[in-house]
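For reference, the structure is listed below as structure tokens.
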């Protein structure tokens, strides 16, 4: 029987990446098993993921103690631990990266979230991390803030693979794609190769429903006369927003401008569906996978979503023109009842997303400091 995870790629054109990384999965062989049996094609990480990994068990104890004895600071130790894991994960995916000529097999490492609004600091750190990890299949995760866009553009021009993350608004996604196109146009003009430049744009999904549903519930209480119109919009807005983003992707990577770059070996900047676990238990546990299947996509899934899709996922293309019309109607109705999607995405979710990652990074440093103190005291 075919593996539904593998079928996402074979039938739907979706590369499955794993939204988790820990030393335990690297050392136990579980990551390699997923690559071999599930057709896993990449991996993403973020401060929250590392905070969870480093806070559990003893997998990081020996390296943490050695680094502390070398006089490393808490933050230096944290970065060294993350870099070690990312290097090992890159090595696991290197055969796939080579086999696909750099199309898949990437592992993402996020910049310091405290630099999300500081372009120069982000760019300096990105160059340092790229050199320290020293793997061709590394992707540097750059927050998709206004200040992050020039960082992504500069890195791509320099030949660094980039995962632009924390995207919620289609408006910002358009800006990201334009930054990508400018970067590779500059590379072409400078006589640099385009064929190994890889980038994804991480468009977050489930959090949009969480915020939209909250506002719809509040609106229904305030205006009971709208309740019948509001009810069908629950659980629709995140997927509708992503469908609109995919339509913009298709438009951006077509036409004369793109054809010139493609002829020179450029690859599209793929949309990556992130935050694909279902937060509302009333919704299907595969909702944000099932409704976002189409060519050139990546879906990065946490373990519970991987397991759910492996168990009962069915790969059928859903990113279609007919479905886009249906979801555009839902977005029009959302606006008609008075809910501002741009406000949700740009003024709430983007701001919250940066803060959440910054908070997780602080918690990560706290966990490392506590662990080192306990090891030195024992």
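Observations on the model:
- Which numbered condition residue 120 fails, given (1) within 20 Å of the chain's Cα centre (by Cα); (2) surrounded by fewer than 18 Cβ atoms within 10 Å (Cβ to Cβ): (1)
- Within segment 101-122, the residues that satisfy the criterion of being in contact (Cβ under 8 Å) with a residue 40 or more places away in the chain and not in a loop (DSSP other than H, G, I, E, B) are 106, 107, 108, 109, 110, 113, 114.
- Looking across 171, 125, one residue alone is assigned to a helix (DSSP H, G or I), closer than 26 Å to residue 344 by Cα and out of contact with any helix residue (DSSP H, G or I) (no Cβ under 6 Å at 6 or more places or on another chain). It is 171.
- Subset of segment 128-141 (residues that are over 16 Å from residue 97 (Cβ atoms) and not in a helix (DSSP H, G or I)): 141
- Residue 71 being buried (at least 20 other Cβ atoms within 10 Å of the Cβ) and either under 21 Å from residue 367 (Cβ atoms) or touching a strand residue (DSSP E or B) at 6+ places or on another chain (Cβ under 8 Å) (or both): no
- Tally, over segment 192-237, of residues that are exposed (fewer than 15 other Cβ atoms within 10 Å of the Cβ) and over 29 Å from residue 297 (Cα atoms): 10
- Remark: residue 354 matches the filter, which requires a residue to be surrounded by 14 or more Cβ atoms within 10 Å (Cβ to Cβ) and in contact with a strand residue (DSSP E or B) (Cβ under 7 Å, 6 or more places away or on another chain).
- Of all residues making up segment 125-158, the number that are more than 26 Å from residue 94 (Cα to Cα) and surrounded by fewer than 19 Cβ atoms within 10 Å (Cβ to Cβ): 3
- When residue 165 is tested against the conditions (1) more than 22 Å from residue 186 (Cα to Cα); (2) part of a helix (DSSP H, G or I), the lone failure is (2).
- If you check 324, 319, 303 for being surrounded by 20 or more Cβ atoms within 10 Å (Cβ to Cβ) and either modelled with pLDDT of 95 or more or out of contact with any strand residue (DSSP E or B) (no Cβ under 6 Å at 6 or more places or on another chain) (or both), only one passes: 319.
- Only one of 165, 100 that is more than 30 Å from residue 66 (Cβ to Cβ) and buried (at least 20 other Cβ atoms within 10 Å of the Cβ): 165
- Flag for residue 84 being part of a helix (DSSP H, G or I), closer than 22 Å to residue 61 by Cβ and out of contact with any strand residue (DSSP E or B) (no Cβ under 6 Å at 6 or more places or on another chain): yes
- Residue 56 meets all of the listed conditions (1) buried (at least 23 other Cβ atoms within 10 Å of the Cβ); (2) farther than 30 Å from residue 270 by Cα but one, namely (1).
- Count of residues meeting criterion [within 30 Å of residue 195 (Cα to Cα) and assigned to a loop (DSSP other than H, G, I, E, B)] in segment 40-81: 4
- Residues of segment 261-302 that are touching a helix residue (DSSP H, G or I) at 6+ places or on another chain (Cβ under 8 Å) and without any contact (Cβ under 8 Å) to a residue 40 or more places away in the chain: 268, 284, 285, 286.
- The residue pairs whose first member lies in segment 53-77 and is under 19 Å from residue 21 (Cβ atoms), whose second member is outside any helix (DSSP H, G or I), and whose beta carbons are closer than 7 Å, counting only pairs six or more residues apart or on different chains, are 53/21; 53/22; 54/60.
- Residue match in segment 15-23 (condition: within 21 Å of residue 299 (Cβ to Cβ) and surrounded by fewer than 14 Cβ atoms within 10 Å (Cβ to Cβ)): no
The values are calculated or read from the model by the stated rules, or taken from the named source; none is laboratory data. Not measured: the values here are computed from a predicted model. We place every Cβ from the backbone using ideal geometry, glycine too, and count neighbours over all the protein chains shown.
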